[in-house]
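Rule-based calculations on the coordinates, nothing more; no lab input. These numbers were taken from a predicted model, which means no experiment stands behind them. Cβ coordinates were reconstructed from backbone atoms using ideal geometry, including for glycine residues, and neighbour counts include every protein chain displayed.
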Amino acid sequence: MRVGLLTSGDISKFRENTLAPILKDENFNVVIALEDKRPKKTFKQKLIKNFKRGRGGYMIVMAFNKIFAKSEESIDLDEFCRNYKIEKIETIKPYSEETIAKVKSYDLDVLLLIGGFGIVKDLMLNSSKHGVLSYHHGNMRKYRGMPPALWEIYNNETEMGMTVQILTPGLDCGTPIEEKTIEIYAKDSFSSLETRAYKESEGMMYRALKKLNDPSFAPEKIDKFGEVYTLPNLTQWIVLNFRILKRKLF
């Protein structure tokens, strides 16, 4: 099975762990990594955008938390590609005819979205046999969008879903290939649940690929998708933390 990667730069530890069993399995040959080199928004641009949408207070809280957070482990994309003999292609026009033609020339069975690209457009979705596989940390029947784990705790859920989907046009409304559910504990905070969800989902991409490689596998589509969530405003952030404290105390 010929596999390509869609990425935007360095490979995070989570992504490295999800790719590890795939790279070891002789049934899968990762041949290219297409790097989205379009300029990223600065923090200032993100802050202005979210202030306009009424989420500026939350962004300030997140910026404050980020100052004291541990930096995430990652491996340089160039080093990663050299280690595994993967050809790296850089583009500032990921949906140009030239880029799509280049991707198609590799005759890929599937692309794995591991960073960047925003909402992937039809041209890229249709550039490989099976399309584009992507993580969504949530049950798409109830929770689409982001941030992962936050809204499940906000809504007092007892469990959280995780999905590897074949993308379709639109946000988190694809076809689930691999799904998993974890329990939400009373002691869980937003960050602890998010961390555990990422850890528990590391093997899901590999299992999804194995299913796609099985000619007898027939994925089941979702009949009704859930609400689209986005970043909370400051009031919602305060309510979230009040509910987390209440769960821990009672």
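Under 5 Å between amide hydrogens, built in the peptide plane, is the criterion, and for Ala33 it picks out Leu5, Glu87, Lys88, Ile89 among residues at least 5 positions away or on other chains. Assuming charge only on the beta carbon of Lys and Arg (+1) and of Asp and Glu (-1), the dipole of the chain about its Cα centre is about 1080 debye to the nearest 20.
Taking 32 Å as the limit for the C-alpha separation, the pairs Lys13/Lys44; Lys44/Lys180; Lys102/Lys210; Lys44/Lys211; Lys13/Lys49; Lys88/Lys142 exceed it in the case of Lys44/Lys180; Lys44/Lys211; Lys88/Lys142. A helix-only calculation puts the chain at -11000 deg cm²/dmol for mean residue ellipticity at 222 nm, using -39500 (n - 2.57) for each DSSP H run of at least four residues, averaged over all residues. In terms of its C-alpha gyration tensor, the chain has a prolate overall shape, because the principal axis ratio a/c (a ≥ b ≥ c, square roots of the eigenvalues) is not below 1.5 and a/b outweighs b/c.
Nearest 0.05, what FRET efficiency do Arg207 and Glu72 give at R0 = 35 Å with Cβ-Cβ as r? For Arg207 and Glu72, the calculated efficiency is 0.90. Toward the positive end of the charge dipole of the stretch 116-211, with +1 on the Cβ of Lys and Arg and -1 on the Cβ of Asp and Glu, the farthest Cα among Val132, Ile184, Met160 is that of Val132.
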